[in-house]
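The values are calculated or read from the model by the stated rules, or taken from the named source; none is laboratory data. These numbers were taken from a predicted model, which means no experiment stands behind them. Cβ coordinates were reconstructed from backbone atoms using ideal geometry, including for glycine residues, and neighbour counts include every protein chain displayed. Calculation scope for accessible area: heavy atoms of the full protein, side chains included, ligands and nucleic acids excluded. Shrake-Rupley method; radii C 1.70, N 1.55, O 1.52, S 1.80 Å.
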Amino acid sequence: MASASRRGEGICSGRESESMKDVFSNLPDQISHHILCLLAVTDLARFGCVSKRCRELCLSSPQLNLDEFSLVNTSTCYKRLELFTYLDRFFFHRGDNKIQSFRLRWYRHDVCEGEDEEAQCVCDCCASFRLFTWIENAVRCNVEVLDLAMNYQDEEERFLFPASVFLCGTLRHLILHLNCTVLKTPSFAFQSNLKILDLKNVDIDDGGGFFKWISCCCKFIEELSLEHVCVTQEITVESSSLKILNCSGIFLIDKCHINISCEKLEYIRICWVLDSPRNKSLNMFAPNLKSFKWFGSLMNHSNLGKLERLEVASFFLEPTLDILDNIVDVLHSLCRAKLFMLNEATIKALPLKELSSRPAPLCDTSSLCIEIGSFIDELIPAMVYLFRAMPKLCTLCIMLNPPSGDPNSNASGISMEYWKLQNLAFVYQLKHVAIELCHGSNGMELARYIIEHAQNLQKMVIVYSSQDLEKITRELEKSKMIPNATIDFQEKSIKSSLSSST
């Protein structure tokens with residue numbers, strides 16, 4: 001009986017296993033591949049050992065993720081060489097099956113205890129060869145998305161990235177985050193179908209030919225990102241399809257000019273710190289631009305053109321850098337923005353005497369967000385100019401980002417009478433205000449002025465430190481509030497709600 005029972009259990013277990021197998025085997029390939037795309041390539045290979053059907057699915061999976069390698073596979077040079085051989089066999093058996101997406105992450109490993117540097121060098125050379133062999137395999141299999149992040153050699157060396165990758169006709173999305181790698185200009189005889197190109201930590205040393213190739217041969221490109229890219233010549237990007245451009249941390253030579261001519265460009269983000277801004281220029285033609293964000297250095301010559309459709313403009317200069325003379329022209333180019341965001345360094349750089357003789361450059365701005373260290377006395381005149389330049393301002397947000405300087409700097413020399421004497425037209429348009437208060441009375445006096453004179457005010461959010469609540473409440477009791485306005489007090493710990501409140 002016991003033996004029969006065990007046989008019965010075995011049969012039942014076998015039927016259950018077969019049933020489970022049939023459930024997965026009967027799934028359409030598209031659904032099975034969608035499930036398998038979540039696996040790293042080592043797990044995918046293990047899955048292929050389960051059955052013949054699993055092996056077929058494994059070798060035909062269109063999405064390969066060569067990342068998340070465990071220490072078991074990478075702890076020593078020997079283990080890594082074993083991994084390379086294992087993956088070589090995987091690609092050999094896979095053949096020319098279609099690869100839709102290929103993701104590769106590989107970083108240089110430190111020399112392990114008991115291993116010499118010669119073994120490390122051999123392993124690194126082997127890694128470079130194997131990695132690019134797999135990449136070329138993906139190109140041969142008509143890859144559409146190629147996502148590479150690698151740091152596979154010593155930082156003093158430079159490796160030439162194969163230009164043949166750019167000549168893949170099926171490639172739509174290319175991400176290259178490659179340390180110590182040089183890009184050369186691909187052939188101009190090939191018309192690329194790239195839509196997204198993301199470059200990081202690469203050197204472009206070809207006399208500007210690479211960007212000319214983008215302009216001439218990438219007719220469908222919609223997004224271009226350049227992060228920590230070193231260039232030795234001027235950058236010229238001309239495109240009838242580009243919509244998003246991100247330039248962050250680009251290292252430029254002493255004299256470099258950037259020219260952008262993109263009719264469909266909607267979003268641009270520039271973030272760089274230049275050693276000599278006066279030797280560099282930016283010329284831009286982007287009539288349909290909607291969002292413009294500039295962080296870091298302001299070039300001496302910046303011609304942004306007419307931005308008639310601009311909606312958002314962010315302007316955050318570095319406080320320690322040489323502020324150049326054309327900041328007024330830049331502001332006038334951004335005058336159509338509905339939302340304007342500035343930091344304290346930018347506000348302090350405003351040439352008030354020159355600006356006072358010009359018409360209000362930001363007359364269409366309806367929302368203003370500024371980030372300052374505190375309401376120090378020397379900052380108030382520049383803030384007054386900003387408010388005067390925005391007569392249609394409806395939403396105001398003032399956030400604090402205290403610097404590392406003296407927290408006891410003078411921030412109590414401006415009274416509400418000062419604000420009354422300015423005759424600021426914007427106060428009668430204000431509907432939503434968020435203001436973060438700190439030490440000193442200047443911020444409180446501005447808040448009281450708004451509460452008493454903003455006839456259309458609907459809501460004000462006051463962010464405070466817990467120890468200041470009693471003082472703030474006592475000061476506000478002196479003010480005659482607008483009847484329909486509400487005041488919401490929030491502790492500083494939930495400062496993140498400032499933006500959403502406005």
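Worth a mention:
- Within the range 332-367, the set of residues being open to solvent by less than 10 Å² (accessible area, probe 1.4 Å) and either within 19 Å of Met399 (Cα to Cα) or modelled with pLDDT of 80 or more (or both) comprises Leu334, Ala337, Phe340, Leu342, Thr346, Ile347, Thr365.
- Condition met for Ser291 (at pLDDT 95 or above, under 20 Å from Leu304 (Cβ atoms) and not β-branched (Val, Ile, Thr)): yes
- Among (1) open to solvent by less than 30 Å² (accessible area, probe 1.4 Å); (2) under 19 Å from Glu136 (Cα atoms) - the single one Thr185 does not satisfy: (1)
- Search result, residues across the range 261-285 that are open to solvent by less than 40 Å² (accessible area, probe 1.4 Å) and at pLDDT 95 or above: Cys262, Leu265, Ile268
- Once the range 201-253 is narrowed to residues that are polar (S, T, N, Q), touching a Cys at 6+ places or on another chain (Cβ under 9 Å) and part of a strand (DSSP E or B), the residue that is farthest from Leu183 (Cα to Cα) is Ser239.
- The set of residues from the range 305-326 being open to solvent by less than 50 Å² (accessible area, probe 1.4 Å), modelled with pLDDT of 90 or more and part of a loop (DSSP other than H, G, I, E, B) comprises Leu307, Leu310.
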